[in-house]
Amino acid sequence: MTESYLIRGARVVGGEPADLLLRDGVVAEVGRGLTAAGARVVDADGLVALPGLVDLHTHLREPGREDAETVETGSRAAALGGYTAVCAMANTSPVADTAGVVEQVWRLGREAGLVDVQPIGAVTVGLAGEQLAELGAMATSAARVRIFSDDGNCVADPRLMRRALEYVKAFDGIIAQHAEEPRLTVGAQMHEGEVATRLGLTGWPAVAEEAIIARDVLLAGHVDSRLHVCHVSTAGSVEVLRHAKARGIRVTAEVTPHHLFLTDERAESYDPVFKVNPPLRTAADVAALRQALVDGIIDVVATDHAPHALEDKECEWAYARPGMLGLETALSVLLEVVGERWDLIAERMSRAPARIAGLTEHGRDPAPGVPANLTLVDPAARRTVDPGELASRSRNTPYAGMTLPGRVVATFLRGEPTVLDGKAVK
Amino acid sequence: MRHLLSGADLDADTATLILDTAAEMATVAGREVKKLPALRGRTVVNLFYEDSTRTRISFEAAAKRLSADVINFSAKGSSVSKGESLKDTALTLQAMGADAVVVRHPAAGAPHRLATWVDGSVINAGDGTHEHPTQALLDAYTMRSRLGRIAGLHVAVVGDVLHSRVARSNVLLLGTLGAKVTLVGPPTLIPVDIGTALAPGTEVSYDLDAVLPTADVVMMLRVQWERMADSYFPSAREYARRYGLDGPRMRRLPDHAIVMHPGPMNRGMEITPEVADSPRSTIVEQVTNGVSVRMAVLYLLLGGMT
């Protein structure tokens, strides 16, 4: 018998204040003036209750780079960010390209018990882009993999991409593509444009992303399969997606908080904390991505949380590894970018990603009978990001020193708190 | 000014002060004892991660003529080849009390990173495909001494602008000093948005012959043979035909115009021997001027400029 929690006065998805009784892993009652003998009371006056956030794109680094992050530390960072489920990318060492590795990650997630860790399987053996990994074995493993991605690498071979899209239809899988034509990004360091020209850094042209998305939506349409596009970063990609969706192609897309908020001018410091793949783009791209998120051309905000050890960032720009932390700041960045549009936030950060990933226990607004996966947010709070205070094992946040709105006060996973009073419970 | 990392660090007054100081320094070279005591007891480290005979020797000569102690730290045969990070190298130099670090590095921005880790002055002696500000200063010095001014000159910079740190620093400095710059090369070797990225009014042309009749200065850039393999242009022969400077092309220039090259040259590729060895060529003078300009930079950074 687990403890019951009575959350008093939370505004569910920004609505009128209500009490929520969490019991036996589900939301037992929603109403005003609820009482429950023995339940622990959580004062949620002024707080907003959201369905627990779901991240479609997290790098937990375990196995292989436990110095940068582990399943446990990444899970804790996720819970503190308001997440109840994260999808762990496959580019670990060894690569998550077998049932054994995805089951290991899944089991580590269960043991940590802070969020549901849903492994993503690699599309190709070793992410090498040459031969399909045993997608079916991963799908039928205990980890029940549904999303497959070579993220970090693009599945560049069009024939292999076609086969992958077709093959996963047998188990309702989806291919999440890292859209980057590798021949157009040889040696690329940052967005190709005026700033790259000034800094003498090799450019990563927008067309390298757009060309792959255009090809892939046509392939997905041709074989009638599901395609998900990772970290969309350019205005041109938005136009390709708009066209594909209008044609009824089954494509979904995500954008990262940093691509909604930061531009390539950040590179001018040569501080690799701003190096990321795909790179930070221009203000015009940021504006187009924000609009696409509101319009629903982009379905999901996903963090691409990418922890890196200090030595992999405290170096020359060209030698630094790409990627930035995101789990503990995503909700604040989204509040900064779109404001208190709670239904939009719930849709893009919880419901839609849960649907895409097939996580039926997540992404559901708190209501009687629904699994009690939810987070309480204080929209009035502002906080200054201090890398030293992050729960992630790494420190590569691009938001250091910035003051951002919103604070996660509590997170519940199946009725059990993982975060209370803004602190991780374990 | 504590560091010299970019041509953008120099406003017109500072750049002119450096050029004027360099002219003073040049008189030292004519003396029997080519040495000034200005930097006695100061330590200058040449930190070179790339092979560069002429730039390293030029800085070494400049520092020695100012009586500084010079330490040459080359990436080969040092702890760097054992995988030491730039930061650890920086802390080592810091602990040794380097007053100035002259750095050549294959990665753009490495001198900027270095400057965050050391207390001494950092001088960018070429970082990847980014900048080489002392080269721009010696080029400006050469133009001024040959043509009497910089403001109002039309300077054509020809060749592989995309990969050229010399071009970037020159565009910045020449813009600051009031010259008009036209970048000339095949479109594949002209970086995107270069017209606005560095200095307003920078022009781009793909047609060398059209630019030559109005050029006061033609600066030819080294073109590396490897670029051919990456399809920047079809062949060395075609490149030379379209963008190389040969005798007939040189004769399209106004009579007073000069021909510059930062070296090392590919004779027969971007420049023919007839041009390189002609009286218009300033290539050997540029080397001489390089020492004077670097003396001025070291002198001003390490003491003379507050």
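Looking at the stretch A:210-221, is at least one residue touching a residue at least 12 places away in the same chain (Cβ under 8 Å) and closer than 24 Å to A:Ala330 by Cα?
No, because not a single residue in the stretch A:210-221 is touching a residue at least 12 places away in the same chain (Cβ under 8 Å) and closer than 24 Å to A:Ala330 by Cα.
Return the total of residues in the stretch B:209-232 being away from every other protein chain (no Cβ under 14 Å) and out of contact with any Gly (no Cβ under 9 Å at 6 or more places or on another chain).
12
Residues being of a type in the set (D, E, K, R) and within 14 Å of another protein chain (Cβ to nearest Cβ): count how many of those fall in the stretch B:129-143. Don't jump to the end; show me each part of the working.
Taking the stretch B:129-143 as the starting set, the residues that turn out to be of a type in the set (D, E, K, R) are B:131, B:139.
Filter once more, keeping what is within 14 Å of another protein chain (Cβ to nearest Cβ): B:131.
The total comes to 1.
Looking for whichever is within 14 Å of chain B (Cβ to nearest Cβ) and either crowded, with 19+ Cβ neighbours inside 10 Å or not in a helix (DSSP H, G or I) (or both) here; the options are A:Val186, A:Val207. Which one fits?
A:Val186
Hey, B:Gly83 hits all of (1) closer than 25 Å to A:Leu310 by Cα; (2) open to solvent by less than 40 Å² (accessible area, probe 1.4 Å) but one; which does it fall short on?
(2)
Hey, could you check the stretch B:163-180 for residues that are without any contact (Cβ under 8 Å) to a residue 40 or more places away in the chain and more than 15 Å from B:Pro262 (Cβ to Cβ) and say which is nearest to the other protein chains (Cβ to nearest Cβ)?
Filtering first and then ranking leaves B:Gly175.
Go through (1) touching a strand residue (DSSP E or B) at 6+ places or on another chain (Cβ under 6 Å); (2) in a helix (DSSP H, G or I); (3) within 14 Å of chain B (Cβ to nearest Cβ) for A:Asp216 and report which single condition fails.
So A:Asp216 meets the others, but not (3).
Which of the residues that make up the stretch A:265-282 are within 14 Å of chain B (Cβ to nearest Cβ) and open to solvent by 10 Å² or more (accessible area, probe 1.4 Å)?
A:Glu265, A:Arg266, A:Glu268, A:Ser269, A:Asp271, A:Val273, A:Phe274, A:Lys275, A:Thr282
Only one of these conditions is not met by A:Ser237: (1) over 25 Å from A:Ala292 (Cβ atoms); (2) open to solvent by less than 40 Å² (accessible area, probe 1.4 Å); (3) not in a loop (DSSP other than H, G, I, E, B). Which number is it?
It is condition (1) that A:Ser237 fails.
For the stretch B:193-208: of the residues being among the aliphatic types (A, V, I, L, M) and closer than 13 Å to B:Arg168 by Cα, which is farthest from the other protein chains (Cβ to nearest Cβ)?
Checked the stretch B:193-208; the qualifying residue farthest from the other protein chains (Cβ to nearest Cβ) is B:Ala199.
Any residue that is under 20 Å from A:Cys315 (Cβ atoms), within 14 Å of chain A (Cβ to nearest Cβ) and surrounded by fewer than 22 Cβ atoms within 10 Å (Cβ to Cβ) - is there at least one of those in the stretch B:119-128?
no
Of all residues in the stretch B:66-89 being modelled with pLDDT under 90 and away from chain A (no Cβ under 14 Å), which is farthest from B:Arg294 (Cα to Cα)?
In this case the residue turns out to be B:Lys82.
Which numbered condition trips up B:Thr92, out of (1) surrounded by fewer than 24 Cβ atoms within 10 Å (Cβ to Cβ); (2) within 14 Å of another protein chain (Cβ to nearest Cβ)?
(2)
Is it true that A:Arg250 is assigned by TED's automatic domain parsing to the domain that holds A:Arg215, basic (Lys, Arg) and either touching a residue at least 60 places away in the same chain (Cβ under 8 Å) or under 30 Å from A:Arg395 (Cβ atoms) (or both)?
no
I'd like to check something: does the stretch B:142-149 contain any residue that is of a type outside the set (A, V, I, L, M, F, W, C), without any contact (Cβ under 8 Å) to a residue 40 or more places away in the chain and outside the structural domain of B:Ala26 (by TED's automatic domain parsing)?
For the stretch B:142-149, residues of a type outside the set (A, V, I, L, M, F, W, C), without any contact (Cβ under 8 Å) to a residue 40 or more places away in the chain and outside the structural domain of B:Ala26 (by TED's automatic domain parsing): present.
How do the helices (runs of 4 or more DSSP H) wholly within the stretch B:183-282 filter down when requiring 3 or more residues that are without any contact (Cβ under 8 Å) to a residue 12 or more places away in the chain and more than 30 Å from A:Glu192 (Cα to Cα): which remain? Walk me through how you get there before you give the answer.
Numbers: elements: B:194-197, B:208-211, B:236-243, B:247-250, B:273-276.
Ranges flagged: none.
Per-residue answers, yes or no, for (1) in contact with a Phe, Trp or Tyr (Cβ under 7 Å, 6 or more places away or on another chain); (2) over 30 Å from B:His256 (Cα atoms):
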residue	(1), (2)
B:Lys64	no, yes
B:Thr89	no, yes
B:Ala95	no, yes
B:Arg113	yes, yes
B:Ala136	no, no
B:Gly152	no, no
B:Val161	no, no
B:Val166	no, no
B:Leu172	no, no
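Table: residues versus (1) out of contact with any strand residue (DSSP E or B) (no Cβ under 7 Å at 6 or more places or on another chain); (2) hydroxyl-bearing (Ser, Thr, Tyr); (3) open to solvent by 30 Å² or more (accessible area, probe 1.4 Å).
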site	(1), (2), (3)
A:Asp43	no, no, yes
A:Gly52	no, no, no
A:Pro63	yes, no, no
A:Thr73	yes, yes, no
A:Gln104	yes, no, yes
A:Pro119	no, no, no
A:Gly129	yes, no, no
A:Met138	no, no, no
A:Ala142	yes, no, yes
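Mind telling me which of the residues A:Phe148, A:Phe171 ends up being away from chain B (no Cβ under 14 Å), under 19 Å from the mean Cα position of the chain (by Cα) and of a type in the set (Phe, Trp, Tyr)? Walk me through how you get there before you give the answer.
Working: A:Phe171 fails: under 19 Å from the mean Cα position of the chain (by Cα).
Just one listed residue meets the conditions, A:Phe148.
The values are calculated or read from the model by the stated rules, or taken from the named source; none is laboratory data. The structure displayed is predicted, hence computed values, not measured ones. So basically every Cβ, Gly included, is an ideal-geometry build from the backbone, and we count neighbours across all protein chains shown. Note: accessible area is taken over every heavy atom of the protein model, side chains too, but ligands, DNA and RNA are not part of it. Shrake-Rupley method; radii C 1.70, N 1.55, O 1.52, S 1.80 Å.
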